[in-house]
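Below is one structure, written out as structure tokens, with a few remarks after it.
Values in this text are rule-based calculations from the coordinates and carry no lab data. Quick caveat, the model's predicted, so the values are computed rather than measured. Cβ placement follows ideal geometry from the backbone for every residue including glycine, while neighbour counts extend to all protein chains displayed.
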């Protein structure tokens, strides 16, 4: 089968890394795959070149219009967008029998519309992950721009109407889609899974310490405050804990300042944003992994609507998981069998960390059960085969 995958995100974004992992998986399954992506953010502009590796063809296309601020630069970017990028991407999509759009954002909406009105005979599938509309990141990240909120909300609601099928990466997105009679009959619930395999790097001895990992984007002050409270309470009860905090975001400085103020820096290593392969390698040497998701408006709509890749990477690494009892972790994990689910209370999170730190048998059992759950249901090749089988029924 000829398959085209499109991502509006740059190649260093977790969402695009996941999409490229899917493309590589489909290519390994013997399909002819074209992956259309945005290059890395810091890469200088040059003519787009096609990268070919086996059955996988990757086409980096620069989003010059959205990434420029001056009027002249935007005009040049718009000419590039309309005269080169859109026609080239559309040409590759038209050659495919299945097109997968990563999210219902502006360019995905445009491609879905063009494919629909051009009489495209293949199938177009859109992935619904982050809630883009009001209540989601249109509210959170573009609160000062009415136009941006209107555009994102419009494309979030309208793009699915031009697609043959919708892959809902979370139960919340499935519920939202099923409210529409037009969409309910052509949706599938399919979580994201992992972007890549966990590397078999050498394990490092901890010498009596218990290492806890958190992977995510530090973009919410509420998240930072809660995470610091958890670390403070947990370290008070169990001084052997060492926290590895991995991820970028505009609240990273705030995180470091709060840790310094609470005199927790000795128990924490703040890595910031590191390459994804390095993240996966570090997971191997952790004992416990945590996921904190907001349950307050509007962050709850964003957190609960997404299928967190880190959840499946924790499971694939065989680590004991402590997660907020909301969103996808509560749909995927079984409390005290494949993880520990906690309400968003710092003391309860801290007690769960102390329990796992003092009970290596429970820690190993939860990690093994989580890995077996991942191995049975959430390997990328399993998810992609389900996607292809479902697409044939559309």
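Under conditions of 20 °C and 1.002 mPa s, the range 246-289 yields 184 µm² s⁻¹ as its translational diffusion coefficient, taking Rh as the Kirkwood radius over Cα pairs in the Stokes-Einstein equation.
Enclosing the Cα atoms of the chain in their convex hull gives a volume equal to 145 cubic angstrom per residue. The ranking of 159, 253, 58 by Cβ neighbour count inside 10 Å, starting from the fewest, reads 253, 58, 159. What the Kirkwood sum gives for the range 167-219 is a hydrodynamic radius of 15.2 Å, with every pair of different alpha carbons counted. To the nearest ten degrees, helix 221-237 and the longest principal axis of the Cα atoms of the chain are 30 degrees apart.
Axis of helix 146-158 versus longest Cα principal axis of the chain: the two differ by about 80°, to the nearest ten degrees. Could you please state, rounded to a whole Å, how far the C-alpha centre of the range 311-346 is from the C-alpha centre of the range 159-211? Spelled out, the Cα-based centre of one part sits 14 Å from the other. Diffusion of the range 138-288 by Stokes-Einstein, at 4 °C in a medium of 1.567 mPa s and with Rh set to the Kirkwood radius over alpha-carbon pairs, works out to 69 µm²/s.
The order of the peptides 368-379, 314-325 by mean Cβ neighbours within 10 Å, most packed first, is 314-325, 368-379. Angle, helix 252-261 long axis vs. longest principal axis of the chain, Cα atoms, 0 to 90°, nearest 10? Roughly 10 degrees between the two axes.
Once the chain from residue 250 to residue 265 is taken as fully extended at 0.36 nm per residue, the excess over their C-alpha distance is 3.5 nm. Ranked by how many other Cβ atoms sit within 10 Å of their own Cβ, fewest first, the residues 194, 326, 153 fall in the order 153, 326, 194. Take the Cα of residue 79, step 7 Å toward its Cβ, do the same at residue 121, and the gap between the two points is 3.8 nm. Using only Cα atoms, locate the centre of the range 5-31 and the centre of the range 363-381, then give the distance between them in Å, rounded to an integer. Centre-to-centre (Cα) distance: 22 Å. Computed from the C-beta positions of residue 296 and residue 364, the FRET efficiency with R₀ = 41 Å rounds to 0.75. For the peptides 334-342, 107-115, the ranking by packing is 107-115, 334-342, with the highest mean count of neighbouring Cβ atoms within 10 Å listed first. Among beta bridges identified by DSSP and lying wholly in the chain, the antiparallel ones come to about 5 percent.
For the peptides 145-152, 3-10, the ranking by packing is 3-10, 145-152, with the highest mean count of neighbouring Cβ atoms within 10 Å listed first.
Computed from the alpha carbon positions, the gyration tensor of the range 210-377 leads to an equivalent ellipsoid with semi-axes of 22, 18, 16 Å, biggest first.
Computing FRET efficiency as 1/(1 + (r/R0)^6) for residue 113 and residue 355, where r is the C-beta to C-beta distance and R0 is 51 Å, gives about 0.45.
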